[in-house]
Amino acid sequence: MGKMSRVIKSPKRIFVHESVWNSPVVENLRKNLPEASFHVLDFQNRENFTFFPYDLEVVDFKGRFIRSCPATKFYHCCGYVILHFGELCSIGCTYCILQAYWNQPCLRIFGNTDRMLRELQDFLDHHPDTLFRIGTGEFTDSLLLDPWTGFSEIIVPFFARQKNAILELKTKTSFVDRLLELPHDGHTIVAWSLNAPSISQKEEGKAAPLEVRLQMAKKCAERGYFLAFHFDPLFYFPGWEEEYSHTIDRLFSYVPSDQIVYISLGAFRFMPELKEIILIKRPQWKYASGEFVPCPDRKRRYFKGIRIKLYKHIASRIRRHAPDVCVYLCMENGTVWKQSLGFHPSEQGGLPSMLDLAVKKCMKVGLHCSRSAAPLLLQKPQPYSSDVFTLSKII
Amino acid sequence: MDALKKINPYKPTSLLDVEVNELKEDPFFDISRHRRIHVFEHLSRTEGILCPLWTYGSKTVTVVDGYNRLRWAREQGLGHVQCLVFPEDADKCYLLLQKVVASAGFRKFDIFEKANVVKNLSRCLTPDEIKRRIFPILGIPAKPRMLKTLLKIASMPLDEIVVTLEGGVSERTLMKLAWWNEESRACACKLFAKLRCSTNIQLEITEMIEDISRLEETSPADVIDHESIRQVIEDDLLTQRQKTEAVRRLLKQWLFPHLSEVEARFLEAKKQWKLPSGVRIEPPPFFEGDLWQITLSFSNAQELKDQLEKLAKSEIASQLEVFLGKDESSHKIT
């Protein structure tokens, strides 16, 4: 893949809902994109309008900005709170789940940031003794449009003032320049999604190359930001052990482990619809073919033994560099936890508590908080807290 | 297509007896050629042609609806058939759509007819119009690349269509097979003709074959033609059900070697456990998840008591722990 093809292009046409025409985000867009055309979009006639992938919609969002992670009762969820600030991503990773989630032609962000911040402030003030880990990277890349929207200038200082919340900006880009001068007060985690070099190179579209992501992580660490890394999705392919080991070794050659709050691992999983969508675009794509078994949440995952193998290897490689860093599994069951990491989340009070503890220990935020946000927000009950083999005790 | 936006713009002008020899055929309207045999059988069993054919034009009388009746009439040596005649200037797309709407009221179109309708109407309607207006009439779901799939099906040669129908290949399976090359499609039709399995099983088999061929960088035909599968489908001693199960098992072992190994190990271990009669133990499906199940069968309270006692005395829990301990340590996946 050539260098030019990896460049994330700025939006060329921006369609703005009249009511957010003068919002700070739109003002930034006008300032930073002098060559883009700006249009007021009549949302009643939106259906008849043809959008292109490099268009951007700025809308007056009417829904809830704060959402819970779409957990299931079958797998342990991290209890991450989503700050819904935009939808879709133009990086173009082959495996991206957003392809199946959103049926819309172009990126969309929410211009009414004033209401967003009010809703967020009210919510945080209403639960002063609850620690919230809040992220913007669930339905889009947190920093994808930041060079033009300057959204980080709004949200990072906001979180710097909060006593019971931290912000996680999850990205695959190199767009951290704006962050470097912001007053973050140690309340923001900048997180990168990492993968094996060949996966990053071939399957992650216009994402920044792996080395660049790590260089940016180093820059952020030098400016006092805390970091997180997400090895998600992990793929099982010939040579995976060497490749993932290489990425981990490179990671720790760039950043100090004491600034890493946590590292998540998640093996590739997908809804059957996503496989169809990917194969339409790339009929010979091998990564969704293999030992994928149907799971209770309707997704397909690698057969348990393969996942355990992946997690065990990667976790042990991470621990070789950073024995104390918090490593967790994303959307996995207790058996896999126990067999890969050696413990069940319930042994540490559940996954959300484990991550809260990592935040308190590493970032020293929310030390006064006695509650976790998970019970407040998770819509679905979490899996059985005890391990499966209490059977001998029952009988 | 302005004509399609108006209400009934071309009404039939007359009902006439037309000489069979005068009737002209147009492939544009002939969407059910592959159903010829079934229609012929039906016509021969009944009174013959009861409904008039639809035609248009006066100098050249082109058949719109009733191609199989026309063929049957020719075969029977009939001189005249009754025809409902539309005006000369009637729009062809409008007439095809009318034919589809009229037929859809009393019978379901098969996938080839739907594909032919879509292909022919694509000449006068945009892809978006086809999806928005024609798909709902034909009961076609608006899935990604559905239009392209139907166009592929419409371009299949007649003899292949007949083989596909005779092989009992379901519509949903065919939509997947349409994207295979001709050789692989023929192999799949041959396979399903031997298995005669349900749509869901056809889809499962098709997906496993696709996955294996993708991983092995070979064609689906090569997977189907693998010696182990060929042996099964050519084994005259096996029933269709046994063949189906054997093919599924072989493909599963091929695509899921580690899962198959754990399953086999579990079955072997279970044999050694000597569970009390009426007690069944089942792992989570595909060994996914944390929940195992024990089922006790009993017919009265005393039996339940006995079963529970036997179970308490049995070593099932410790045996299972040993199995799971092995399971944990034996993920020798390379």
First in region A:255-273 and over 12 Å from A:Tyr95 (Cβ atoms), second anywhere and β-branched (Val, Ile, Thr) and assigned to a helix (DSSP H, G or I), Cβ under 7 Å, 6 or more apart:
A:Val261/A:Val359; A:Ile263/A:Ile318; A:Leu265/A:Ile314
Filter region A:278-322 down to residues that are of a type in the set (Lys, Arg) and in a helix (DSSP H, G or I) and give me whichever is farthest from the other protein chains (Cβ to nearest Cβ).
A:Arg320
Residue within region A:220-234 that is within 14 Å of chain B (Cβ to nearest Cβ) and either in contact (Cβ under 8 Å) with a residue 40 or more places away in the chain or closer than 22 Å to A:Arg317 by Cα (or both) present
yes
Of the residues in region B:215-242, those that are assigned to a loop (DSSP other than H, G, I, E, B) and in contact with an Asp or Glu (Cβ under 8 Å, 6 or more places away or on another chain) come to B:Ser219
When residues of region B:211-234 are limited to those that are hydroxyl-bearing (Ser, Thr, Tyr) and under 13 Å from B:Trp180 (Cβ atoms), the one surrounded by the most Cβ atoms within 10 Å (Cβ to Cβ):
B:Ser213
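Being part of a helix (DSSP H, G or I) and either over 8 Å from the mean Cα position of the chain (by Cα) or crowded, with 21+ Cβ neighbours inside 10 Å (or both) is the filter here, so list the residues in region B:159-174 that pass it. Reasoning before the result, please.
Initially, region B:159-174 is screened for residues part of a helix (DSSP H, G or I), giving B:159-166, B:171-174.
If the condition is that a residue be part of a helix (DSSP H, G or I) and either over 8 Å from the mean Cα position of the chain (by Cα) or crowded, with 21+ Cβ neighbours inside 10 Å (or both), then B:Asp159, B:Glu160, B:Ile161, B:Val162, B:Val163, B:Thr164, B:Leu165, B:Glu166, B:Thr173, B:Leu174 are the ones that fit.
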Scan region B:229-272 residue by residue and report those that are more than 17 Å from B:Ile209 (Cβ to Cβ), in contact (Cβ under 8 Å) with a residue 40 or more places away in the chain and among the aliphatic types (A, V, I, L, M).
B:Val262, B:Ala269
Take region B:48-91 and flag every residue that is of a type outside the set (A, V, I, L, M), surrounded by 17 or more Cβ atoms within 10 Å (Cβ to Cβ) and touching a strand residue (DSSP E or B) at 6+ places or on another chain (Cβ under 8 Å).
B:Pro52, B:Trp54, B:Thr55, B:Tyr56, B:Thr62, B:Asp65, B:Gly66, B:Arg69, B:Cys83, B:Phe86
In region A:326-371, which residue that is part of a helix (DSSP H, G or I), touching a strand residue (DSSP E or B) at 6+ places or on another chain (Cβ under 8 Å) and among the polar types (S, T, N, Q) is nearest to A:Phe268 (Cα to Cα)?
A:Ser340
Failed condition for B:Glu261, given (1) exposed (fewer than 13 other Cβ atoms within 10 Å of the Cβ); (2) within 26 Å of B:Met208 (Cβ to Cβ)
(1)
Could you say which residue among B:Glu245, B:Glu263 is among the acidic types (Asp, Glu) and at pLDDT below 95?
B:Glu263
Output the qualifying pairs, or none if there are none: Cβ atoms under 7 angstrom, residues six or more apart or on different chains, first residue in region A:54-78 and more than 14 Å from every other protein chain (Cβ to nearest Cβ), second residue aromatic (Phe, Trp, Tyr).
A:Asp55/A:Phe15; A:Glu57/A:Phe15; A:Val59/A:Phe110; A:Phe61/A:Phe110; A:Ile66/A:Phe123; A:Cys69/A:Tyr80; A:Cys78/A:Tyr328
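Among the candidates B:Thr126, B:Thr149, single out the residue that is at pLDDT 95 or above and under 25 Å from B:Leu96 (Cα atoms).
The match here is B:Thr149.
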Scan of region A:223-243 for residues that are in contact with a strand residue (DSSP E or B) (Cβ under 9 Å, 6 or more places away or on another chain) and either assigned to a loop (DSSP other than H, G, I, E, B) or surrounded by fewer than 16 Cβ atoms within 10 Å (Cβ to Cβ) (or both), ordered by number
A:Tyr225, A:Phe235, A:Tyr236
Looking at A:Gly186, A:Gly137, A:Gly205 in this structure, which one is surrounded by fewer than 21 Cβ atoms within 10 Å (Cβ to Cβ), under 22 Å from A:Leu98 (Cα atoms) and in contact (Cβ under 8 Å) with a residue 40 or more places away in the chain?
A:Gly205
Among the candidates B:Phe287, B:Phe256, B:Phe323, which residue alone is out of contact with any helix residue (DSSP H, G or I) (no Cβ under 6 Å at 6 or more places or on another chain), surrounded by 14 or more Cβ atoms within 10 Å (Cβ to Cβ) and aromatic (Phe, Trp, Tyr)?
B:Phe256
Residue by residue through region B:177-197, note down the ones that are over 14 Å from B:Met156 (Cβ atoms) and in a helix (DSSP H, G or I).
B:Cys187, B:Lys190, B:Leu191, B:Phe192, B:Ala193, B:Lys194, B:Leu195
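The values are calculated or read from the model by the stated rules, or taken from the named source; none is laboratory data. On a predicted model such as this, the values are computed, not experimentally measured, just so you know. Virtual Cβ from ideal backbone geometry, glycine too; neighbours counted across all protein chains shown.
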